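*Asks:* Please find one structure pasted underneath; my questions will follow.
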Amino acid sequence: MKNFRSIKGTHDILPEDSYKWRHLESIVHQVCAQFGYQEIRTPIFEQNKLFSRSVGEDSDIVTKEMYSWEDKENSFLTLRPELTAPVARAYNQHNLGNLSPIHRFYYIGPLFRRERPQKGRQRQFHQFGIEAFGSNFAEQDAEIIALAWHLLTHFRLTNKIDLQVNSIGTSECRAGYRDALKQFLKPHFDELSEISKRRFNTNPLRILDSKNKKEQTILKNGPRISDYYTKDDKEHFNEVKTYLKAMNIPFTINSGLVRGLDYYTKTVFEITSNELGSQDALLGGGRYDSLVETLGGKPTPGIGFAAGIERILLLINEENFKEHKPVPDIYLICLEKEGIPASLSIAKQLRLKGLNIVSDPIRRSMKAQMRDANKLRARYVLILGESELNDNTIILKNLESGKQESIKQEKIVKYFDNLTN
Ligand code: AMP
């Protein structure tokens, strides 16, 4: 019979890596608390329309990447391909805007996109992200970017990354720019790729995202979105830049950065790393001042970003995780079947004291268990052998110093009490 394997583009996270995930996640919780962001958890699947309406009918996600199915009662459901729309949906559903003028959320969880799998690109991947609702001021944009920067600083990644920012203005600005861009591209239409030809009609700004060298060369002489900013767009973007400079966060302006989703307005940004190869985006986000309204809520400005956890983990140096690998405090060796009740009782009492106790459930030899204890980097070994059973003692060995002593069984819990206090 054929063995089962995980689905293409999905991965198991084995114990040799899961502790790194846990550490990264604990830093996300910590950093988000430092900035006053609170965790939100939304369901893995949502109505299909939530995404087509917000992310955009013409986006890659909606046109080809969503895992969707028709459920009973004629409902059309989708495994979430991103989390901004679900968070905005929850914000509306629970009328959170009535409770407080601002809400700042973060999330950690899996996402699903049917993309061609390759290094750094999976079909089930994980993001952490933040979303802030209620402020249209530039200091909110700066705070969002600062949080991303702070987290990456924690993992000593700032010398491996580039922050690019742009403003794509409000819809008023984009309408003027869209016309100008189409005018400019018209004479080059035949030189465009098939996908750009299609976008020429549906969403010409997306052509700016193109990685096609020829199109990039053509676009070099094209109109600039900055020439179409309204006074407010310009002011907002200038303030964002000023605030980033005030925090010494280095950035470059990339006027070609539009990001692929329909809901963005004004500030958009991306952090990339050239150590990641072709899938170089670590994190991306932007302002979405009309999203909440698009989804049926009261007009509420918002801004956020999403970061790929797999890609961040690829960049973090192993050194950062070394001391976070869980190790047993005590490896408890019991060499006699008659000693098992006593060893189980000792383990129970020590665990109640908060210690991590590992024991061997397959009755291996003393040598094999000692090897295991060393491999797991246990701090102490407790040994219950025949003579210890006879005189109610237990041997305690400190694996760091190699020192060994015999202790009365009833004193062992107290012994570790003194050690841990
Ligand atoms: P996006 O929502 O497309 O802006 O993605 C935000 C971040 O999620 C990216 O910068 C990547 O780090 C990560 N990401 C997006 N798609 C994938 C994928 N298919 N596999 C792994 N990571 C991804």
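The values are calculated or read from the model by the stated rules, or taken from the named source; none is laboratory data. As the structure is a computational prediction, the values presented were derived from the model and not from experiment. Positions of Cβ are generated from backbone atoms using ideal geometry, with glycine treated the same way; all protein chains shown enter the neighbour counts. Accessible surface is based on the protein model in full, side chains and every heavy atom, while ligands, DNA and RNA are left aside. Shrake-Rupley method; radii C 1.70, N 1.55, O 1.52, S 1.80 Å.
*Asks:* Find the centroid of the Cα atoms in the range 133-177 and in the range 208-223, then give the distance between the two in whole Å.
*Replies:* A separation of 23 Å, based on Cα centres.
*Asks:* Divide by every residue of the chain the summed helix terms, -39500 (n - 2.57) for each DSSP H run of at least 4, and state the resulting mean residue ellipticity at 222 nm, rounded to the nearest 500 deg cm²/dmol. Kindly include the intermediate steps, with their values, before the conclusion.
*Replies:* Values: 15 runs with 155 residues, N = 421.
The helix contribution divided over the chain gives -11000 deg cm²/dmol.
*Asks:* What accessible area per residue, rounded to a whole number of Å², is obtained for the range 330-420 using a probe radius of 1.4 Å?
*Replies:* Result: 61 Å² of accessible area for each residue.
*Asks:* Taking the chain as a Gaussian network, where each spring joins two C-alpha atoms under 10 Å apart, which residue of SER387, SER52, SER68 fluctuates the most?
*Replies:* SER387
*Asks:* Could you go through the range 94-108 in sequence order and give the Karplus-derived ³J(HN,Hα) for each residue, using 6.51 cos²θ - 1.76 cosθ + 1.60 with θ = phi - 60°, rounded to whole Hz, and x for Gly and Pro?
*Replies:* Whole-Hz 3J(HN,Hα) from phi for the range 94-108: 9, 6, 5, x, 6, 7, 7, x, 10, 9, 10, 10, 9, 9, 9.
*Asks:* Taking the Cα centre of the range 1-143 as the origin, how large is its charge dipole in debye, to the nearest 20, when only Lys and Arg (+1) and Asp and Glu (-1) carry charge on their Cβ atoms? Please report the intermediate quantities before stating the final value.
*Replies:* Numbers: 19 positive and 19 negative charges, 135 e Å.
The calculation lands at about 640 debye.
*Asks:* Another question, if that's okay. Return the carbon/sulfur percentage of the accessible area of the range 330-420, one whole number, probe 1.4 Å, all protein chains in place.
*Replies:* Working: 2730 of 5590 Å².
For the range 330-420, the apolar C and S fraction of the accessible surface comes to 49 percent.
*Asks:* In the range 330-420, what % of DSSP beta bridges are antiparallel (nearest 5)?
*Replies:* 55 percent
*Asks:* Could you put ASP71, ASP329 in order of accessible surface area, largest first, with the 1.4 Å probe and the full protein assembly present?
*Replies:* ASP71, ASP329
*Asks:* Along the range 207-212, what does the Karplus equation 6.51 cos²θ - 1.76 cosθ + 1.60 (θ = phi - 60°) give for ³J(HN,Hα), rounded to whole Hz, x for Gly and Pro?
*Replies:* Result, rounded to whole Hz: 4, 4, 6, 4, 9, 5.
*Asks:* What ranking of MET366, MET66 comes out by heavy-atom accessible area, probe 1.4 Å, highest first?
*Replies:* Values: MET366 70, MET66 20 Å².
Output order, biggest surface exposure first: MET366, MET66.
*Asks:* Shape call for the chain from the C-alpha gyration tensor, a ≥ b ≥ c root eigenvalues: rounded (a/c under 1.5), prolate (a/b greater than b/c) or oblate?
*Replies:* prolate
*Asks:* Report, by chain and number, residues whose modeled amide H sits under 5 Å from the one on SER359, excluding near sequence neighbours (fewer than 5 apart, same chain).
*Replies:* Result for SER359 returns LEU332.
*Asks:* Next up: Carbon and sulfur: what percent of the range 65-125's accessible surface (1.4 Å probe)?
*Replies:* Whole-percent figure for carbon plus sulfur exposure: 47.
*Asks:* In whole Hz, what ³J(HN,Hα) sequence does the range 395-411 give by Karplus (6.51, -1.76, 1.60; θ = phi - 60°), x for Gly and Pro?
*Replies:* 8, 10, 10, 8, 6, 6, 8, x, 5, 9, 8, 9, 10, 4, 3, 6, 9
*Asks:* Could you check the spin-label model distance between LYS213 and ASN136? Points 7 Å from the Cα along Cα→Cβ, value in nm.
*Replies:* So the two model labels end up 4.4 nm from each other.
*Asks:* When a/c reaches 1.5 or more, the comparison of a/b and b/c decides; with that in mind, is the range 330-420 rounded, prolate or oblate per its Cα gyration tensor?
*Replies:* Here the range 330-420 falls in the rounded category.
*Asks:* Please list the non-local residues whose amide H lies under 5 Å from the amide H of THR265, H modeled 1.01 Å from N, same-chain partners needing a gap of 5 or more.
*Replies:* Placed amide hydrogens put ARG287, TYR288, ASP289 under 5 Å from THR265.
*Asks:* Using a 1.4 angstrom probe with every protein chain in place, what is the largest-first accessible-area order of LYS245, LYS375, LYS234?
*Replies:* So, going from the largest accessible area down, we get LYS375, LYS245, LYS234.
*Asks:* Assigning unit charges at the beta carbon (Lys, Arg +1; Asp, Glu -1) and nothing else, what dipole magnitude in debye, to the nearest 20, does the chain show about its Cα centre?
*Replies:* 820 debye
*Asks:* Pop a pseudo-label 7 angstrom from the Cα along the beta-carbon direction at both ASP391 and LYS245 and give the gap in nm to one decimal.
*Replies:* 7.8 nm
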